[in-house]
Amino acid sequence: MFGFAATKCGKCEKSTFKVHELSLKGELDYKMISVQCTYCKTPIGIIDDNNALLQQQQARISRVERRLSSMEDKLSDIEDKLSEIASALTQRGFTRSAR
């Protein structure tokens, strides 16, 4: 049988912990996770909240997609206008010169 030591708080020697979300001052979108002792609240570890970073990336992707969609609409409008111009020129007898 193997004996494993339980993780204990360095301050109060208890072995019960909880997860607590932290916000950095001045950084509303950036969150961190603290693992801390349930009894004395001493942190034993802090990690980045990858979910918050993922949400930031998804928001950036959404903004880029909206901008691309807007550009696509504008390019479609330009294509329509160029087609109208080409049609009008053809009706007036202008043709492309052979190269």
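Note on region 29-45: residues that are modelled with pLDDT of 85 or more and part of a strand (DSSP E or B) total 8. Is it true that L53 is open to solvent by less than 70 Å² (accessible area, probe 1.4 Å), at pLDDT below 90, touching a Lys or Arg at 6+ places or on another chain (Cβ under 8 Å) and not hydroxyl-bearing (S, T, Y)? Here the answer is no, as L53 does not meet what is asked. Being polar (S, T, N, Q), modelled with pLDDT of 90 or more and either more than 30 Å from F17 (Cβ to Cβ) or surrounded by 10 or more Cβ atoms within 10 Å (Cβ to Cβ) (or both): is that true of S87 here? Yes.
The values are calculated or read from the model by the stated rules, or taken from the named source; none is laboratory data. A quick note: this is a predicted structure, and the numbers were derived from the prediction, not measured. Reconstructed Cβ throughout: ideal geometry from the backbone, glycine too, with neighbour counts over all protein chains shown. Heads up: the accessible areas ignore ligands, DNA and RNA and are worked out on the full protein's heavy atoms, side chains in. Shrake-Rupley method; radii C 1.70, N 1.55, O 1.52, S 1.80 Å.
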